[in-house]
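The values are calculated or read from the model by the stated rules, or taken from the named source; none is laboratory data. Note that the coordinates shown come from a computational prediction; the quantities given were computed from them, not determined experimentally. Cβ atoms come from the backbone with ideal geometry, glycine included; neighbour counts cover every protein chain shown. Accessible surface is based on the protein model in full, side chains and every heavy atom, while ligands, DNA and RNA are left aside. Shrake-Rupley method; radii C 1.70, N 1.55, O 1.52, S 1.80 Å.
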Amino acid sequence: KLLPPNAKSRPLYRSISDLLFAVVHCLDHAYILNKKVYPSKPVGLAMGFFVTTFLGYQIMVTTVLSLQTFSKVFYNFETPLGVYEYRLHVFALVPSALMMTVSAVFNAVGPNLY
């Protein structure tokens, strides 16, 4: 039996979310190792924004893909997204980006804060 069209893209989405988080997290550490001091507030805010946003993206993509797989395996209910697959990424990226934006506006991000 052939795989449904969106089954081929699921591992790719999971891999992309892992890669995005890993890259920004490695850059975070590389910056600190290179400069040998904790970054200034704007740089720290930017690094925190990207690390937290992509960590949230990774978690949400994994959650959504796990729920889709569970519904397909146990209930034989498939959620074909088709041309609307971009909604998966919007749903996964927006909450964590929004949380970090609100945190930055209220000055709740920093080395001794969130």
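Efficiency by 1/(1 + (r/R0)^6): what FRET value for Arg14 and Asn34, r their Cβ-Cβ distance, R0 = 35 Å, to the nearest 0.05?
Rounded to the nearest 0.05, the efficiency is 0.70.
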Of [x] 14.5; [y] 15.9; [z] 14.9, the label for Kirkwood radius over Cα pairs in Å derived from the coordinates: [y]
Selection from Val64, Ser40, Cys26 lying farthest towards where the dipole of the range 1-107 points positive, charges on Cβ: Cys26
Carbon/sulfur fraction of accessible area - the chain, other protein chains in place, 1.4 Å, %: 74
Modelled FRET efficiency - R0 41 Å, Ala22 with Ala108, Cβ distances, 0.05 increments: 0.95
Relative contact order, percent, the chain [alpha-carbon distance under 8 Å, six or more residues apart]: 33
Helix-only mean residue ellipticity at 222 nm for the chain, each DSSP H run of n ≥ 4 adding -39500 (n - 2.57), per residue, nearest 500: -25500 deg cm²/dmol
Average accessible area per residue (Å²) across the chain - probe 1.4 Å, nucleic acids and ligands excluded: 70
Burial ranking of peptide ranges 46-53, 80-87 (average Cβ count within 10 Å, highest at the top): 46-53, 80-87
